[in-house]
Amino acid sequence: MAISPTSIETQIDSFLEQFKRSASKAMEERMEWPDGPSPGAIVKSRSSCFTLDSSSGEAECDGCGSDGEDGRSVGELLLPQYALATGGLARDHRPLITFPDNNNFHVLSAAEYRRLLLYLTSVPSILEAEMGFHIIIDRRKDRWNSVKAVLLRISEFFPGIIHAVYVLRPASFLQKALSEVSNKLFKEEFRFRVLVCSCVEELYEHFDRSQLTPDLGGELQYSHSEWIQQRIALEKFSTLMKEISSKLDDFMHEIVDCDMGNDPTQTKELLECQESRYKALKTELSSATTQGEELLTQVRKPNLTYNIISHVAAVERLLVQLEETEKQFDSFWQKHSMKLNHWLMFRTFLLNFKQMQATLDSHLKNACDMTEVGETAVRVDGLIQEANEFEKLCNCDLDAALSVIEEGEKLMKDPLSSVDHIESKCEELRRTSSLLIEKIQKRSMLLIKARELMDRIDKANEWCATGVEILAGEGGLLAVDKLLDDAKSFGLDAPEPFRDMLLHSATQETRALVTQVCQRVEDVWLMVSVKRASLQRAAARPARPVHAVPPHVAASQMETSGGSESSGGEDAEARRSRRGHVLAELLQTERAYVQELGSILSRETFFRLYSYYCQNIPRSERLRETLVDTHLFLQACQQRLGHKLPLAAYLLKPVQRITKYQLLLKDLLRYSECGSMSSGLQQALDCMLVVLKCVNDSMHQIAITGVPVDLSQQGELLLQSSFLVVSENKRDLRLRIRPRRRHIFLYEKAMLFCKSATKNSHNKATYHFKHDLQMSQIGLTESVKGDLRKFEVWRQGRAEVHTITAPTADIKRVWVERIKRVLLDQLNELKGERVRQYGAQHRTLIQASSWELGAGAAARPGAAPARAASCDAHDEPCWSTDPSDDDDDEPEHAPAVGCALVALSDYTAVGASEVSLREGQHADLLKVGCAGWWYVRLAGGQGEGWAPAAYLDQRKTSRSSSRSHDRLHDH
């Protein structure tokens, strides 16, 4: 078979170039970790570096078959030599297909013909096939009908371009005559050019003899059986190359697309698995190379013909391609394994960093928790031993942390590493290690100072015990001087410097002990000093001569008494000094006590600052949680000041203090005697309870959400508590909502109904606004039949009724009294002085039991408030004081403009804009004002003006009017 060497080289060079580009592209599209994409998010290569393009012909090894046909599958069609592709070329370099004269073409079926032609046309290269084919039909020994059959088969199907068909016509006389006639008849029927040659010599005009086989008088040596064997072997080797190429392609895509994992163990297993597959593929490549070399040895023989030379060149090119593929594969694997090994080292470093950071953080926490310094020398020695053991344990982990840092520094030298990421981890380990070392050193120094302090305290206690023995005994001046000299051994030159020295070395835990020891040392020092001064005076007193006198009992008693007086005078002086010290301390304590008590009484408003502070606590906590816990500056300040408690504890102190004041005052009141001081304490206690209530109410108030009004305009928060509320609406008498839990806030000007929500992360309650009632528009019913804990609040005309159930009867009583006080205060503000005087002279129109202030309180008249200038701008009804003790009472409907009214009682106008009313007088409603005033026109043209709504009612039937009149007089 003749194949152009230039065409083969072009195909193989194109294949190798494609492999290099694909391999390079795959390496460039690898992820950049850890700052780049995840290892599992690798971009696929646009083309496999090992996949052969079957559509372009590069998949075929210089024409090793296509469309699923190979030499083995069409072997039974090749052996009878129905058609041959000997490798010969025409003078225009187009390939040649020969139909030899074997007198067997008629047994070939159409399907077998198609398979055979598909295979033979795939043997030449793509470039040669695209140029077209020359076909030689040798029928010199056959009949003209066979020529016609072949031409018809070719015209029906030929998988390629036919440049020309050369027919060697039958040689017999009769067949020549028939062929001349048939040629004239059928030559024009075919779509390709048909040249009928009478003899072989005419073929030489179109073909060189070197391209024709000997049966056509040519010189091309062609062995059909050898050609078939070599084609099958070559195709087997080509198939093996395709399989290896497919495996390499699959392996490359798999390792490019694989997730390297974040666990070092997983990454290590992945590396071992891929390395074993790499070695297996290398073994297959080596085996394929050996098989190709053996095939080359079989094909390469002396005196090779052109078609065999093409087979040799094909095998050699395949071997070169295999060698280059192996080199590129080795290079690709080297880069990939290097990256995978580096990723394994990086993930191992991160794992070691996390473990070491957690360990150091645990040690740091334990070091921060080691705050005890001990109150005895034995305890301090035990703490020192614990600190030494803890230091040894930390030193081992610090060495391991140093190894991790060194490992990170090695990784940073690798060009594949993300230097910033690794450096930040190493710096974090260094910082934590430095903090831990600093904590350990500070702990050691603190314990050493504590041990020195305990030594001083022990020596001071021993010195005090010795001094007490000397003072109690008969020690002289020498013993006292020796005692004072011994004090210098532990730094006691004077009590005040000694106190300052010990307090400077003391901590919060040992300060109480140090203060006690200092006080004891000062007391002993004072008594020893007095003793020394007394002994010095006694030593400096001149000796008086002693006269000989007879023994006398009285004299002896006098002398003894005189000595006792002298000694007693010295002791009295010491006792007087100590008593003065104690009295001074008591006076100072009493002054501080009286000053603080007076501050509570005189600065009641100052304590409202606690309310503001408590309201701000949730915001400060949220800010502290986001800032303080990681704020190195504040942590450094806490360490430098030696504070054991965090900032949150100090921020909570005012809240704790405001709740503790009233407890302290209760204790003082319980242990104080009756008198003027007790009344002052009681006053201070009442004041602090009010302050505590304000703080508590304000904390609830700031938790209200969704309020459509400004709470600062609703006055002071008076009460707040949780109730069960049943609401009824006049618009739908059948509607009676089931009891709901509502948290009610009572202000001076409004009542808010809120729903309690779940507590948030700071354990603070939250209230969602649901409904509000203006205090100027509501009425109150103190008691509801059936339950002593219930009371009602309602709008004018009972258009909207809220039945409220308190947890206890006492809470209900407090709320009712407070609401009554608010309503009465509003009534007093609305009524003018003249209206109050008028109300005192006339009988009460409607008296509500819910407005009684006590047994001796007089009933107050119905609302007759003065009108405001804004009355004309409002059409809402005002609040009424009518009680509704019965659940079956029908609510009164608000009158419509233009309805007929009747006066319920006499009313005398106060101003020029008002009208006077007489009982039973008729009027028409012109306008509904605010604060319970209506603008009416009197019947009979007696004028128009403002009148109180409580004195008017809608005109009803005689029966209804009589019943209303009787109810009025019953009140």
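Quick notes on this structure:
- Total residues in the range 703-755, condition touching a Pro at 6+ places or on another chain (Cβ under 6 Å), at pLDDT 90 or above and closer than 19 Å to Arg795 by Cβ: 1
- Identity of the residue in the range 137-147, of a type outside the set (Asp, Glu) and touching a helix residue (DSSP H, G or I) at 6+ places or on another chain (Cβ under 9 Å), that ends up surrounded by the fewest Cβ atoms within 10 Å (Cβ to Cβ): Asn145
- Residue match in the range 224-239 (condition: touching a strand residue (DSSP E or B) at 6+ places or on another chain (Cβ under 9 Å) and surrounded by fewer than 18 Cβ atoms within 10 Å (Cβ to Cβ)): yes
- Residues in the range 662-681 that are modelled with pLDDT under 75 and either assigned to a helix (DSSP H, G or I) or outside the structural domain of Pro618 (by TED's automatic domain parsing) (or both) were compared, and the one that is surrounded by the fewest Cβ atoms within 10 Å (Cβ to Cβ) is Ser676.
- The range 355-391, residues that are among the β-branched types (Val, Ile, Thr) and within 30 Å of Asp458 (Cα to Cα): Thr371, Val373, Thr376, Val378, Val380, Ile384
- Only one of the numbered conditions (1) of a type in the set (Gly, Ala, Ser); (2) within 19 Å of Thr86 (Cα to Cα); (3) in contact with a Leu (Cβ under 6 Å, 6 or more places away or on another chain) is not met by Ala313, and that is (3).
- All conditions in (1) at pLDDT below 70; (2) farther than 30 Å from His643 by Cβ; (3) assigned to a helix (DSSP H, G or I) hold for Ala592, with the sole exception of (2).
- Being modelled with pLDDT of 85 or more, assigned to a helix (DSSP H, G or I), under 25 Å from Leu350 (Cα atoms) and outside the structural domain of His342 (by TED's automatic domain parsing) is a property that Leu435 has.
- Residue among Val378, Val404, Val480, Val468 that is in a helix (DSSP H, G or I), free of Cβ contacts under 8 Å to residues at least 12 places away in the same chain, among the hydrophobic types (A, V, I, L, M, F, W, C) and not assigned by TED's automatic domain parsing to the domain that holds Met338: Val378
- Qualifying positions in the range 709-725 - loosely packed, with under 15 Cβ neighbours inside 10 Å and over 38 Å from the mean Cα position of the chain (by Cα): Gln713, Gly715, Glu716
- Residue satisfying all of: in the range 356-370; closer than 21 Å to Gly642 by Cβ and among the charged types (D, E, K, R); surrounded by the fewest Cβ atoms within 10 Å (Cβ to Cβ) among these: Asp369
- Residue match in the range 204-227 (condition: under 30 Å from Phe353 (Cβ atoms), at pLDDT below 80 and outside any loop (DSSP other than H, G, I, E, B)): no
- In summary, His134 fulfils each of the numbered conditions (1) crowded, with 17+ Cβ neighbours inside 10 Å; (2) touching a helix residue (DSSP H, G or I) at 6+ places or on another chain (Cβ under 8 Å); (3) closer than 20 Å to Gly217 by Cα with the single exception of condition (2).
- Any hit, the range 433-443, residues being among the charged types (D, E, K, R) and in contact with a Gly (Cβ under 7 Å, 6 or more places away or on another chain): no
- Restricting the range 411-437 to residues that are within 21 Å of Leu340 (Cα to Cα) and β-branched (Val, Ile, Thr), the residue that is surrounded by the fewest Cβ atoms within 10 Å (Cβ to Cβ): Val419
- Check on Arg789, in the same structural domain as Ala750 (by TED's automatic domain parsing) and either under 16 Å from Ser721 (Cβ atoms) or at pLDDT 90 or above (or both): yes
- Members of the range 677-706 found to be of a type in the set (A, V, I, L, M, F, W, C) and closer than 18 Å to Ser722 by Cα, listed by number: Cys694, Val695, Met699, Ile702, Ala703, Ile704
- Positions within the range 682-693 being touching a Leu at 6+ places or on another chain (Cβ under 8 Å) and either surrounded by 18 or more Cβ atoms within 10 Å (Cβ to Cβ) or within 26 Å of Gln826 (Cα to Cα) (or both), in sequence order: Ala684, Leu685, Cys687, Met688
- Within the range 87-101, tally of residues that are in contact with a strand residue (DSSP E or B) (Cβ under 9 Å, 6 or more places away or on another chain) and either assigned to a loop (DSSP other than H, G, I, E, B) or not assigned by TED's automatic domain parsing to the domain that holds Gln211 (or both): 7
- Residue satisfying all of: in the range 336-355; of a type in the set (Lys, Arg) and surrounded by 14 or more Cβ atoms within 10 Å (Cβ to Cβ); nearest to Leu402 (Cα to Cα) among these: Arg347
- So Ser245, is it in contact with a Ser or Thr (Cβ under 9 Å, 6 or more places away or on another chain), of a type in the set (Gly, Ala, Ser), in contact (Cβ under 8 Å) with a residue 60 or more places away in the chain and part of a helix (DSSP H, G or I): yes
The values are calculated or read from the model by the stated rules, or taken from the named source; none is laboratory data. These figures come from a predicted structure and were not determined experimentally. Note that we place each Cβ from the backbone using ideal geometry, even for glycine, and neighbour counts take in every protein chain shown.
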